[in-house]
Amino acid sequence: VALPLTITRGDPQADKAQAAAQEAGKDYSHAGPNELTGHWKGALDVQGMKLHLALHVAKLPNGDLSGSLDSLDQGAKGMPANVVRFTAPNAHLEWKMIDGTYDGKLQNGKISGKWRQAGQTFPLVFARSAGN
């Protein structure tokens, strides 16, 4: 099936400005150890290889939560979560672009749970980090 397609040259400065404006509205602060907002670090153990991850969860001006994931060892940064749900103490996040989900329980400043991707499940614990 033939479909029409129009491609236009992007404007890197405008893209950076738009990303900065979106980031400026996010609130990563937390008042206690059992709030999901903030920066987190964890590591997946995949067949003896450690993959270090950074999770970032912010509250948006409208009250919704926003999340992103960095795979530090693979150089992937800012992968946006499509779904971020938190009903204390349970957290659920989804990344459609990598077919990944995380279900965890937040207690005492740590999120303990399971990472699921490509039909496999791995334990994953995130601990609160000072920043990104």
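The values are calculated or read from the model by the stated rules, or taken from the named source; none is laboratory data. Given the structure is predicted, the values throughout are model-derived calculations rather than measurements. When we count neighbours, we look across all protein chains shown, and the Cβ atoms used for this are built from the backbone with ideal geometry, even at glycine. When the accessible area is computed, the model is the full protein with side chains, heavy atoms only, and any ligands, DNA or RNA have been set aside. Shrake-Rupley method; radii C 1.70, N 1.55, O 1.52, S 1.80 Å.
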Quiz item: So for the stretch 1-64, what are the equivalent ellipsoid semi-axes in whole Å, largest first, each being the square root of 5 times an eigenvalue of the Cα gyration tensor?
Solution: 32, 23, 12
Self-check item: Cα gyration tensor, the chain - rounded (a/c under 1.5), prolate or oblate
Solution: oblate
Quiz item: Are any of the pairs K16/K50; K16/K41; K41/K96 more than 29 Å apart by Cα-Cα distance, and if so, which?
Solution: K16/K50
Quiz item: Against the longest principal axis of the chain, how steep is helix 12-24, in degrees 0 to 90 to the nearest 10, with axes from Cα atoms?
Solution: 30 degrees
Quiz prompt | In Å², nearest 10: area of D99 left accessible to a 1.4 Å probe | solution = 110 Å²
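Could you give the size of the charge dipole of the stretch 1-131 about its Cα centre, using +1 on the Cβ of each K and R and -1 on the Cβ of each D and E, expressed in debye and rounded to the nearest 20?
Values: 14 positive and 12 negative charges, 47 e Å.
So the dipole magnitude of the stretch 1-131 works out to roughly 220 debye.
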Quiz item: Who wins for biggest fluctuation among G119, G100, G109 in a Gaussian network model of the chain, springs between alpha carbons below 10 Å?
Solution: G119
Self-check item: Under 5 Å, built H, 5+ apart or other chain: amide partners of A43
Solution: L53, V125
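Rounded to the nearest percent, how much of the accessible area of the stretch 1-116 (1.4 Å probe, protein heavy atoms only) is carbon and sulfur?
Taking all protein chains in place, the stretch 1-116 shows 52 percent carbon and sulfur surface.
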Quiz prompt | Cut-off 17 Å (backbone N to label point 7 Å along Cα→Cβ of Q47), residues of the stretch 62-104 | solution = 74
Quiz item: Can you tell which of G63, A118, N34 lies farthest toward the positive end of the dipole of the chain, using +1 and -1 charges on the Cβ of basic and acidic side chains (Lys, Arg; Asp, Glu)?
Solution: N34
